[in-house]
Structure formats: structure tokens, C-alpha cells
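Encoded as C-alpha cells, the structure appears first; notes follow it.
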């Protein structure tokens with residue numbers, strides 16, 4: 001059963017990544033404070049939050065960047081009215097776990113870990129390079145039709161990237177970061 005879950009998870013990752021590489025994925029606005037909002041896939045895949053980030057909808061509703069910047073705090077406030085503190089804390093842990101090393105680009109995570117500007121720039125460069133490498137892997141797989149080896153290559157690249165990103169952190173920062181998303185959640 002666990003193996004099936006791993007295979008399904010890998011398959012889902014491949015589908016998302018193929019959509020990203022082929023331009024099918026809509027650009028998202030990543031808010032800098034807290035949870036990452038928005039969906040993937042087709043237009044409006046992230047519900048109302050995803051919709052207001054679409055350029056067409058933003059234009060139609062005349063939504064300003066200042067308004068969009070207020071959305072994460074408003075959503076977190078609304079969640080705070082519905083969920084208890086324990087639920088909110090766990091939701092944040094799951095969010096960090098799902099974003100993996102990309103969570104280190106989050107302004108709140110950077111503040112908690114006291115990541116310097118130089119560290120932040122290095123992390124962003126490593127993650128951007130990883131995205132480029134993934135795009136190349138997908139293009140190679142698409143051109144050759146060898147999609148069966150893609151999951152192993154992506155897993156290896158992600159592991160390598162995570163190790164490089166964590167090497168940018170100090171020992172204390174690594175320890176604190178590893179404690180943030182504790183208690184893994186198996187979604188697949």
C-alpha cells in the first residue's frame with residue numbers, strides 16, 4: 001500500500017511538473033507571509049484565491065497589488081476564526097513540509113530562522129537552478145519519450161538541491177528548520 005502511495009505521489013509530481021514545463025501551469029502569486037496560496041493546473045485551479053491572482057480577473061476586478069498583499073493575512077485571520085491554535089500550527093507544519101526547501105523563500109520562515117540577505121539570495125539561486133534543471137529533464141524526457149526514468153531523476157535532483165540549500169544554513173538554522181515541519185503527513 002505504501003509503495004502504491006509512493007508511485008501515485010511520484011505520478012502526481014510528474015503531471016504537475018510536465019504541466020509546468022509545457023506552459024500549462026498558470027503563474028501563481030506567492031505571498032511572502034505564511035501559507036502559500038493558489039492552485040496548479042488550469043485557470044482558477046486555486047479557488048477564489050487562485051482566481052484573484054489571474055491577470056484577467058485581476059484586471060476585470062481592478063485588484064491592486066496592495067490589495068493582493070493583504071490577502072494572506074486576511075485568509076490567516078479567517079482561518080484563525082475557524083481553526084483552533086493547535087489546528088493552525090499543524091496546518092503550517094504541513095504547508096512547510098509540502099513546500100520542502102522552497103519554504104525557505106517564505107518571509108516568515110526567513111525571519112524565524114534569521115536567514116541573512118546573502119543566505120536568502122544563495123537559496124533562491126539554488127532553487128531557481130533546480131527548476132531550470134527540472135525543465136531540462138522534462139524536455140529531454142519529452143523529446144526522447146523516456147518518461148519512465150523521470151521520477152528517479154527528479155527525486156535525485158530534489159535530494160541534491162535540498163542538501164545544497166541546507167548547506168547554506170548554519171547548524172543552528174538547520175536544526176530549527178528541521179523541527180518546523182515535524183510529524184510527516186502522508187497525503188498519498
Per the rule of 0.36 nm per residue minus the C-alpha distance, extending residue 133 to residue 180 adds in nm 14.2 nm
If 106, 85, 121 are placed from fewest to most neighbouring beta carbons inside 10 Å, the sequence is 85, 121, 106
Across 10 Å bins beginning at 0, the whole-percent shares of Cα-Cα pair distances in the range 113-188 come to 17, 37, 31, 14, 2
Here the gain from full extension of residue 91 to residue 65, 0.36 nm per residue of separation minus their alpha-carbon distance, amounts to 6.7 nm
Compactness summary of the range 45-120: radius of gyration and Dmax from Cα atoms, Å, are 14.9, 39
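Each reported figure results from applying straightforward, stated rules to the coordinates on display, with no laboratory input. Keep in mind the model is a prediction, meaning the values are calculated, not measured. We place every Cβ from the backbone using ideal geometry, glycine too, and count neighbours over all the protein chains shown.
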